[in-house]
1. Can you tell me which residue within the stretch 48-62, out of those that are of a type in the set (Ser, Thr, Tyr) and surrounded by 15 or more Cβ atoms within 10 Å (Cβ to Cβ), is farthest from the chain's Cα centre (by Cα)?
2. Considering (1) open to solvent by 60 Å² or more (accessible area, probe 1.4 Å); (2) touching a residue at least 12 places away in the same chain (Cβ under 8 Å); (3) under 26 Å from residue 117 (Cα atoms), say which one residue 45 fails and leave the rest.
3. Given (1) touching a Lys or Arg at 6+ places or on another chain (Cβ under 7 Å); (2) open to solvent by 50 Å² or more (accessible area, probe 1.4 Å), identify the lone condition not met by residue 338.
4. When only residues in the stretch 291-323 that are of a type in the set (A, V, I, L, M, F, W, C) and either in contact with a strand residue (DSSP E or B) (Cβ under 6 Å, 6 or more places away or on another chain) or surrounded by 14 or more Cβ atoms within 10 Å (Cβ to Cβ) (or both) count, which is farthest from residue 206 (Cα to Cα)?
5. Given (1) farther than 30 Å from residue 254 by Cα; (2) of a type outside the set (A, V, I, L, M); (3) open to solvent by 100 Å² or more (accessible area, probe 1.4 Å), where does residue 348 come up short, assuming only one miss?
6. Can you pull out every residue in the stretch 1-56 that is acidic (Asp, Glu) and in a loop (DSSP other than H, G, I, E, B)?
7. Take residue 105 and decide whether it is in a helix (DSSP H, G or I) and either open to solvent by less than 30 Å² (accessible area, probe 1.4 Å) or at positive phi (or both).
8. Quick check on my filter: what residues within the stretch 71-92 are open to solvent by 30 Å² or more (accessible area, probe 1.4 Å) and closer than 20 Å to residue 112 by Cα?
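The values are calculated or read from the model by the stated rules, or taken from the named source; none is laboratory data. A quick note: this is a predicted structure, and the numbers were derived from the prediction, not measured. No Cβ is skipped: glycine too gets one built from the backbone with ideal geometry, and neighbour counts run over all protein chains shown. When the accessible area is computed, the model is the full protein with side chains, heavy atoms only, and any ligands, DNA or RNA have been set aside. Shrake-Rupley method; radii C 1.70, N 1.55, O 1.52, S 1.80 Å.
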Amino acid sequence: MSTAREQPIFSTRAHVFQIDPATKRNWIPASKHALTVSYFYDATRNVYRIISVGGTKAIINSTITPNMTFTKTSQKFGQWADSRANTVYGLGFASEQHLSQFAEKFQEVKEAARLAREKSQDKTELTNPALNITSHQVIPSPIISSNGPGEDKLFRSQSADVEISTEKERLKKMLSEGSVSEVQWEAEFFSLQDNNTKLVAALHEANANVDQWKKQLTAYQEETESLRQRVAELESQGTHDSSSDNNKEELSQTLEELELLIKAKDEEIQMLKSQKCGRWEAEGEREETLQKLQELEARNAELEQRLHLAEQSLAESLAEREKMHSEVTKVAEIMDVKIFELSELRQGLAKLVESN
């Protein structure tokens with residue numbers, strides 16, 4: 001592209017995409033960051049083009065024709081089809097205003113291309129030599145302004161040359177500002193990409209921790225149910241002394257506390273599950289979630305310790321019950337022996353009385 005022949009008339013920044021040639025439905029990003037997209041006018045050929053260069057490669061090289069249409073598909077995204085390149089280009093802008101400016105400029109360039117084609121056709125149809133333009137007359141190229149393409153004139157005045165020079169200076173300044181802002185856009189993009197990576201990693205970690213807590217809660221619920229059954233069995237077996245009753249009350253109270261803790265932990269996990277469906281927007285949310293997970297871990301350790309104490313209490317209660325049962329059995333055996341001896345003694349006394 002020769003800068004003397006082809007000059008930029010409008011530039012902006014956008015993320016460039018091309019349609020997937022295989023599916024014709026999905027978009028393929030042409031670069032990792034936003035690129036400068038410019039309208040160029042070739043005064044020699046009277047042609048308008050959209051050009052975007054990434055490194056040393058031309059990402060977009062699309063010649064504007066009157067039958068092209070730029071379509072806004074969302075508030076920040078637009079597209080147009082290029083039959084010559086056999087593809088569809090898509091542009092993602094930073095704001096809706098940038099998209100509107102690009103669409104308006106596309107319409108202006110499209111209208112200018114239509115006028116250029118009509119003039120070219122008129123020239124080919126002129127067969128009268130009197131109507132031919134002499135060699136010393138120069139037809140200037142139409143200039144794209146904010147209100148649309150300029151009108152053709154056979155001669156350019158000095159004021160028109162000054163206006164063109166002013167427009168060129170403005171475009172050069174705009175391009176230089178675009179090159180400076182490109183670095184800022186890239187820095188901001190990589191910063192956002194790094195933050196997004198951190199948030200995704202934190203989300204995966206939170207999901208793994210939630211699954212782990214759910215498994216542990218299930219195990220604790222099963223152990224609690226087993227303890228409840230064991231307490232019910234102890235209650236169904238005979239009567240106990242006052243100390244055994246006190247142990248049962250303490251165990252029942254401990255089990256109720258454990259159930260309340262498990263219920264609270266279930267509620268916290270449900271809250272975490274509802275929060276993970278949304279995207280965390282700041283690092284503070286991640287720290288808060290990690291703090292909650294640490295609190296859950298501390299509560300889990302306390303719950304495990306209480307379960308251990310409950311098991312010890314149950315084991316001591318069972319041991320004491322077995323001891324009491326053995327003592328009662330021994331007393332019953334002694335009573336049986338005494339009753340038997342008393343019966344023998346009564347029979348001896350009865351025989352002695354009869355013999356006397």
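1. Taking the stretch 48-62 as the starting set, the residues that turn out to be of a type in the set (Ser, Thr, Tyr) are 48, 52, 56, 62.
Pick out the ones that are also surrounded by 15 or more Cβ atoms within 10 Å (Cβ to Cβ) and you get 48, 52, 62.
Working: 48: 40, 52: 30, 62: 34 Å.
Filtering first and then ranking leaves 48.
2. (2)
3. (1)
4. From the stretch 291-323, those of a type in the set (A, V, I, L, M, F, W, C) are 293, 296, 298, 301, 303, 307, 309-310, 314-315, 318-319; that's our starting set.
Now drop any that are not either in contact with a strand residue (DSSP E or B) (Cβ under 6 Å, 6 or more places away or on another chain) or surrounded by 14 or more Cβ atoms within 10 Å (Cβ to Cβ) (or both), which leaves 293, 296, 303, 307, 310, 314.
Numbers: 293: 8, 296: 12, 303: 21, 307: 26, 310: 31, 314: 36 Å.
Selected residue: 314.
5. Among (1) farther than 30 Å from residue 254 by Cα; (2) of a type outside the set (A, V, I, L, M); (3) open to solvent by 100 Å² or more (accessible area, probe 1.4 Å), the lone unmet condition for residue 348 is (3).
6. Filtering the stretch 1-56 for residues acidic (Asp, Glu) gives 6, 20, 42.
Within the stretch 1-56, 20 is the sole residue that qualifies.
7. Numbers: in a helix (DSSP H, G or I): yes; either open to solvent by less than 30 Å² (accessible area, probe 1.4 Å) or at positive phi (or both): yes.
Answer is yes for this residue.
8. We begin by selecting, within the stretch 71-92, every residue open to solvent by 30 Å² or more (accessible area, probe 1.4 Å); these are 71-77, 79, 81, 83-86, 88.
Within the stretch 71-92, 71, 79, 81, 83, 84 qualify.
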